[in-house]
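First up is the structure itself, then whatever we jot down about it.
What follows is calculated from the coordinates using simple rules that are stated; it is not laboratory data. Please read all numbers here as calculations on a predicted model, not as lab measurements. Every residue, glycine as well, gets a Cβ built from its backbone with ideal geometry; the counts of neighbours run over all protein chains shown.
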């Protein structure tokens, strides 16, 4: 017969093998926070899970397995105290065995028990980067639902989740940067075309493009695309404005 502790160890190894696979497969998924919540419930066997983030001093629930943890989180945000907030502020893991008797957060605990029937909780900080600091929160209707080993497990999950979430955010930043570079290149090419076709310097080309954007209420990047495609700019102010300032076609080849 396999000893109970050894049996649990093998189960944990299986769980973390699954965790690694799931996080790896979701590193391009912007909804990876939902995946982290689902995995957290599986490995520590809670009833509900959520992820909180703090930005500009404001706490927000960015993922939740149901409305219960989202409601519980909001109670903490409203009263300004609770296990989740303390985990973020202390950069640590917080475990609550029985909210009904724990003296640390009386207002939150009373509401969580009476309104939602939640009695135990684990909260693990997630320091993803300078723009995303948060925590994964696990709730249970049972008292003493989690133990010291669960604290270690959720800490390991937190570390893996942070790595995966950083990968997602860095990819998003990379995508944004690539789009920005692409746009700036197109605008640069458009300015070069205007300098040649209008016989102006860089400042004159930018002034022309800026005024065209304002008069036509069209983004500079969109006008730049038109110039790059056609080699000139159609009348951007519409039929009502026939000003020769904007009536520049391809240069004459005479």
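Can you pull the one-decimal nm distance between simple spin-label points at residue 55 and residue 100, each 7 Å off the Cα toward Cβ? Taking the simple label geometry, residue 55 and residue 100 are separated by 3.9 nm. A straight chain from residue 207 to residue 90 at 0.36 nm per residue would run longer than the Cα-Cα distance by 36.9 nm. Label the stretch 41-173 by shape, choosing from rounded, prolate and oblate, from the square roots a ≥ b ≥ c of the eigenvalues of the Cα gyration tensor; if a/c is under 1.5 it is rounded, and otherwise prolate applies when a/b is larger than b/c, oblate when it is not. Taking the square roots of the gyration eigenvalues as a ≥ b ≥ c, the stretch 41-173 is prolate.
Taking a spot 7 Å from the Cα of residue 144 along the direction of its beta carbon, which residues of the stretch 83-118 have an amide N less than 16 Å from it? Taking a point 7 Å out along Cα→Cβ of residue 144, the residues of the stretch 83-118 whose backbone N falls under 16 Å are 96-102.
Here each label is just a point 7 Å from Cα along the line to Cβ, and for residue 38 and residue 115 those points are 2.9 nm apart. Estimated at 0.36 nm per residue, the fully extended path between residue 229 and residue 200 surpasses their Cα-Cα distance by 8.4 nm.
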